[in-house]
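A.B. asks: Here it is: the structure, laid out below.
Every number here is computed from the coordinates shown, using simple stated rules; none is lab data. Just so you know, these numbers come straight off a predicted model, no measurement behind them. Positions of Cβ are generated from backbone atoms using ideal geometry, with glycine treated the same way; all protein chains shown enter the neighbour counts.
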Amino acid sequence: MESLFDATLDALKLLISFDADLWQIIWVSYSVSVRAILIAAPFAIITAYLLAFHQFIFRRAFILLVETWLALPAVVVGLTLYIMLSRSGPMGDWGLLFTQTAMVIGQIILAFPIIAALTFAVFKGCDERIRETAITLGLPEWKTILITIRELRFGILAAVVAGFSRIIAEVGCALMVGGNILNYTRNMTTAIALETTKGSFTSGIALGFVLLLTALLLNYTVFKLGSDKNHLL
């Protein structure tokens, strides 16, 4: 077995050389997760807005559902989707199992409650005068929503980043519904799991670097935007 130091050096060389197979895996990860977050975020933000500012039947039940949904393990989502999308499942005729589309669906399910719950907390903790001013001006509901989101955009962005960080690093659901197919559904986390079981750590370490760098850049962006906001106040 190669030493950790040698494996780390080889991993850096692999990244710098722009190895085609490695960067294809990275591309699949970002492609799937970006699509998932672009779909999940708008629905989660609107859901959080409705739960925070509107009263309707079963509202408390919906809030409890979203908060409970946060603890749903990725493997449970993967198992449920696998059963639903398998040939004997109710959506088996759609032919989605072991496709990127299935991975996107799984990541949407995982990202939605995180963004919704965190955005709900942002909305509940905001200055109520933001909405009251918009309502007093007689603005339509959709403009009120946009104004509220704009004023609270830094907190909402942090919620979206948290959702993205969750899905790009998950492995259970992606492995079960994606099938870990080379050059198609093999993403960074499933590739790391595969290489580790094979006892080959070079690719796994390289992909781990990319995941860590992604987390660092995302969190720095949120921190920087928050700092810039404080300087403007």
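A.B. asks: State all residues of the stretch 35-59 that are free of Cβ contacts under 8 Å to residues at least 60 places away in the same chain and in a helix (DSSP H, G or I); if no residue qualifies, say none.
C.D. replies: Hits for the stretch 35-59 are Leu38, Pro42, Leu50, Arg59.
A.B. asks: A further question on this structure: Which residues, taken from the stretch 27-59, are β-branched (Val, Ile, Thr) and buried (at least 19 other Cβ atoms within 10 Å of the Cβ)?
C.D. replies: If the condition is that a residue be β-branched (Val, Ile, Thr) and buried (at least 19 other Cβ atoms within 10 Å of the Cβ), then Val28, Val32, Ile37, Ile45, Thr47 are the ones that fit.
A.B. asks: Something else about it: Say we look at the stretch 160-190 and pick out the residues that are surrounded by fewer than 24 Cβ atoms within 10 Å (Cβ to Cβ) and among the small types (Gly, Ala, Ser); which of these is nearest to the chain's Cα centre (by Cα)?
C.D. replies: Ser165
A.B. asks: If Leu139 passes every condition in (1) under 26 Å from Pro42 (Cα atoms); (2) in a helix (DSSP H, G or I) but one, which one does it miss?
C.D. replies: Result: Leu139 passes all but (2).
A.B. asks: In addition: Being assigned to a loop (DSSP other than H, G, I, E, B), on the phi < 0 side of the Ramachandran plot and touching a residue at least 40 places away in the same chain (Cβ under 8 Å): is that true of Leu72 here?
C.D. replies: When the stated conditions are applied, Leu72 passes them.
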